[in-house]
Amino acid sequence: MSQNNQIQQQIKILTEKLNRYAHEYYTLDAPSVPDSEYDRLYRELEALEMAYPTFRLPESPTQRVGGAILREFASVRHKIPMLSLNNAFSPLDDNGKFIHTETLAFDERVRKDLELSKVEYTIEPKFDGLAISLLYQDGIFIQAATRGDGITGEDVTENIKTVRNIPLKLQGQYIPDLIEVRGEVLMLKKDFEQLNQRQIAQNQKTFANPRNAAAGSLRQLNSRIAAERKLHFFGYGIAQFSGIQPENAPKTHAEELLWLQDLGFSLPTGNWHICANIAEVLQQYENLNAKRSTLPYEIDGMVIKVNSLAEQEKLGFVSRAPRWAIAHKFPAEEAMTQVETIDVQV
Ligand code: NAD
C-alpha cells in the first residue's frame, strides 16, 4: 500500500472509531472508552486531516457537534446553534510543571485578531455534564432542549422542571420579555454516589460516572424517574434576550453571569473569576486544578472566555466552536476501571 493509501485508510479507521464512541457517549449515554482516549484519537485525526485535507471524510467528527438525537423525544430547532468548544491541553514537563503552549497560542491569536496588547478574560469550571438551553417568556420557563447535534436538540421540558435549582419563574431587577439561558445539567458527586448505592440495592446496573448518570436521567421519558434523580444546573451564558433597555443590558460575560444570578440561577460561586490577562488565567488554572477533587461536582477543565461581548462578536465563530473561548482541559483523572452503564430507559 502506498503511503497516501495508508494515511487515507488511517483517517477512515479513526473516523469510524470516533463516530462509534461519539454515538455511545452522546446518544446512548454509555461510553466504552475514557474521555482521554477519545481526546487522543480525536487529536490524531485532526492532525492527519490538517496535513491531508483532501482525505477528510464528510462524516468526520471534527466537522460537527455532539451526536444524533433520540427519536423518542420531540425535536427542537435551536434558533442560535449550540456549539462545542476547542480544547487546549497542558502537558506536564519533567519537573511536574504545566507546559501552557496551546493556551498561550490561543491568547496570542485573540490579541492579534483584536489588535490589543492585553485581553481581559473570564474563567469558569468546565462542568462535566450536558449542555441545556432554557427558554423563558415574560419571566416564565417554557422550554428546555438538549444540545443534540447543535442545530436540533431534544425537548426535555418536563424533565427539566424536576431540577430543583432551575427557576420556573424568574426574579430580579430586570426581567426580559424573552431570554434563552445556556448552562450545564449535572449530578453532584454525593447524589451520584447515593444513586449508585440505590441501583445496587435494587439489583440494577450502576452508572459509570456522574455525567452519564445526569445524561441518562435527563433523557428519561418518565419524568417521575428523572425527579428521583436529583439533578443540578449551573448557568454559563445567555444566547439571546429581548425587552431590556440597552443601558441595562450586559456588556461583558461577567455581567451576563451576574444577571443570571440575579434572575435566580446558580453560579459556581468562588470558582469563576475575571482575569486581567493570560498570566492570571494560568494562575487560576493551577488553583482550580488543585481544588478539583474537593469540588462537589465533576469538572474536566476550565473554560476561558474573552470577557467583552463586543470583542467576542468581533472574533466570531469557526464551524463548530467560538473563536473567543477555549476549554483548557485538566490532566486525565479517570481510569475507567468499570464500564458499567445503563441504557437510556424508554
Ligand atoms: P466539550 O465538552 O469539550 O465542550 C463543549 C461543552 O462544554 C459545551 O457544550 C458545554 O456543555 C460544556 N461546558 C461546561 N462548562 C462550560 C462553561 N463554563 N461554559 C461553556 N461551556 C461549558 O465538547 P463536546 O463536543 O461536548 O465533547 C467533547 C468531549 O466529550 C471530548 O473532549 C471527550 O472528552 C468527550 N467525549 C468522550 C467520548 C467517549 O467515548 N468517552 C465520546 C465523545 C466525546
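Descriptive notes on the structure:
- Solvent-accessible area per residue for the range 212-326 (1.4 angstrom probe, square angstrom): 41
- When the chain is treated as a GNM with alpha-carbon contacts under 10 Å, the residue of Leu85, Leu57, Leu218 showing the greatest mean-square fluctuation is Leu57.
- Electrostatic bookkeeping for Leu282 treats Lys and Arg as +1 and Asp and Glu as -1; over the other residues with beta carbon under 13 Å from its beta carbon, the sum is -3.
- Filter on Lys189/Lys251; Lys251/Lys314; Lys161/Lys205; Lys161/Lys329; Lys97/Lys190 - keep pairs with C-alpha separation over 23 Å: Lys189/Lys251; Lys161/Lys205; Lys161/Lys329; Lys97/Lys190
- Kirkwood Rh in Å, taken over the chain so that all alpha-carbon pairs contribute: 21.3
- For Lys126, a cut-off of 16 angstrom between C-alpha atoms picks up these aspartates and glutamates, skipping any fewer than 8 places away in its own chain: Asp35, Asp39, Glu184, Glu286, Glu298, Asp300, Glu333, Glu334.
- Neighbourhood charge, 10 Å Cβ-Cβ cut-off, centred on Gly150 and excluding it, Lys, Arg +1 and Asp, Glu -1: +2
- Of Ala208, Ala51, Ala30, the one that fluctuates the most in a GNM where the chain has Cα springs shorter than 10 Å: Ala51
- Qualifying trypsin sites (Lys or Arg not before Pro) in the range 88-178, where qualification requires a DSSP coil assignment and no more than 13 other C-beta atoms within 10 Å, comprise Lys97, Lys118, Arg164.
- With a simple spin-label model that places each label point 7 Å from the Cα along the Cα-to-Cβ direction, the separation between Asn277 and Ala74 comes to 5.3 nm.
- Label-point separation, Arg109 to Asp39 (7 Å along Cα→Cβ), nm: 1.7
- Ile238 long-range amide H proximity, modeled H, under 5 Å: Arg182
- Pair-distance profile P(r), taking every C-alpha pair of the range 62-208, with 5 angstrom steps and integer %: 2, 7, 11, 13, 15, 16, 13, 12, 7, 3, 1, 0, 0
- Extending 7 Å from the Cα toward the beta-carbon at both Ala332 and Lys251 defines two label points whose distance is 4.5 nm.
- Probe 1.4 Å, protein heavy atoms only - accessible area per residue of the range 1-151 in square angstrom: 54
- Percent carbon-and-sulfur accessible area, the chain, ignoring ligands, DNA and RNA, probe 1.4 Å: 50
- Each Lys or Arg adds one and each Asp or Glu takes one away; over the other residues whose Cβ falls under 9 Å from the Cβ of Leu83, this sums to +2.
- Fluctuation leader among Arg77, Arg64, Arg198 - the chain, Gaussian network, Cα springs under 10 angstrom: Arg198
- Lys190-Asn222 FRET efficiency (beta carbon distance; Förster radius 25 Å; 0.05 resolution): 0.60
The values are calculated or read from the model by the stated rules, or taken from the named source; none is laboratory data. Keep in mind it's a predicted model, so treat the numbers as computed, not measured. Backbone-built Cβ (ideal geometry, glycine too); neighbour counts: all protein chains shown. Note: accessible area is taken over every heavy atom of the protein model, side chains too, but ligands, DNA and RNA are not part of it. Shrake-Rupley method; radii C 1.70, N 1.55, O 1.52, S 1.80 Å.
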